[in-house]
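Colleague: Structure provided below as structure tokens; questions to follow.
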Amino acid sequence: MKKRDMFLNRKIETMRSLKEGPYYAIPVRHNILHTHGGAQRNSKCEVIGLDGKAIPNLYEAGELGDIFATKYLGANSIADLLISGKIAGTNAAKIKNNMTLPDAVTSASQVHEDLKSDAHQVKMHFEAGKNQGIGSSDQGINDLPIVVRVTLDENQNLKNIETLQEKESGDLGGQAIPKLTQEMLDHNSADVDSVSGASTTSRAFKDAVKQAIENARKSK
């Protein structure tokens, strides 16, 4: 029988046969090459602040805030550079009514309120009563952690789940949280299926609820 490459049909003379073993093998599978970080942006490529509103005159494009994280193939990254770059550039070039005058006129010390940084941490305190527990997770899609308060009944079953803090995306993550809350109460468990299209928010919310349940059981 004539030897041949069964998969790629390469010429036999360009290949060499393996010598006698032993041979060792490991399973090969796809993996994430890299992920992209950055701020959240809207369809106009405006950067979204922690309050969920667009920050005036601030735009991002390309891999900063890339919507194609974990999807490296198919020219997604190049397409994102071109598409988001055009969108961000077009909107950034538009004349704005809320722009300050150049520093040559105003001096560098005078900064419009809209352009001042809001990069500061605010420590929040959340109360928990009898049979209640607080849980949080910073693994959502926003820098602001998801914080929940869980109330258990006298039999240690889930009685109520309150979302005290979250800034997930309104179109996906924000809508997933009420669905997950109802599912958890119906099944008396935090181990429910994630909401399609909002896996990151779902995972973070479930982690926060699980932590809150543990803390509630400790406080009984």
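Colleague: Do we find that Gly52 is in contact with a Lys or Arg (Cβ under 8 Å, 6 or more places away or on another chain), modelled with pLDDT of 60 or more, surrounded by 14 or more Cβ atoms within 10 Å (Cβ to Cβ) and under 30 Å from Gly197 (Cβ atoms) in this structure?
Modeller: Answer is yes for this residue.
Colleague: Suppose the filter is out of contact with any Leu (no Cβ under 8 Å at 6 or more places or on another chain) and at pLDDT 80 or above; does Asn42 pass it?
Modeller: Answer is yes for this residue.
Colleague: Is the range 113-127 home to any residue that is over 30 Å from the mean Cα position of the chain (by Cα) and either modelled with pLDDT of 60 or more or loosely packed, with under 11 Cβ neighbours inside 10 Å (or both)?
Modeller: Scanning the range 113-127, I find no residue that is over 30 Å from the mean Cα position of the chain (by Cα) and either modelled with pLDDT of 60 or more or loosely packed, with under 11 Cβ neighbours inside 10 Å (or both), so the answer is no.
Quick grid of which residues meet (1) touching a residue at least 60 places away in the same chain (Cβ under 8 Å); (2) at positive phi; (3) not aliphatic (A, V, I, L, M):
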residue	(1), (2), (3)
Gln139	yes, no, yes
Asp143	yes, no, yes
Ile146	yes, no, no
Arg149	yes, no, yes
Glu154	no, no, yes
Asn157	no, no, yes
Ile161	no, no, no
Leu164	no, no, no
Gly174	no, no, yes
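Colleague: Looking at this structure, is Ile134 within 23 Å of Gly49 (Cβ to Cβ), in contact with a Phe, Trp or Tyr (Cβ under 7 Å, 6 or more places away or on another chain) and surrounded by 13 or more Cβ atoms within 10 Å (Cβ to Cβ)?
Modeller: In short, no.
Colleague: Quick check, is Gln139 at pLDDT 85 or above and surrounded by fewer than 18 Cβ atoms within 10 Å (Cβ to Cβ)?
Modeller: For Gln139, the condition - at pLDDT 85 or above and surrounded by fewer than 18 Cβ atoms within 10 Å (Cβ to Cβ) - is met.
Colleague: Sticking with this one: Collect the residues in the range 130-154 that are part of a loop (DSSP other than H, G, I, E, B) and closer than 19 Å to Ser202 by Cβ, keeping them in residue-number order.
Modeller: Those that are part of a loop (DSSP other than H, G, I, E, B) and closer than 19 Å to Ser202 by Cβ: Asp138, Gln139, Gly140, Ile141, Asn142, Asp143, Leu144, Pro145.
Colleague: Could you say whether any residue in the range 145-159 is under 27 Å from Val47 (Cα atoms), surrounded by 21 or more Cβ atoms within 10 Å (Cβ to Cβ) and over 16 Å from the mean Cα position of the chain (by Cα)?
Modeller: Yes, the conditions are met somewhere in the range 145-159.
The values are calculated or read from the model by the stated rules, or taken from the named source; none is laboratory data. All values reported here derive from a predicted model rather than from experimental measurement. Note: ideal-geometry Cβ built from the backbone for every residue, glycine included; neighbour counts use all protein chains shown.
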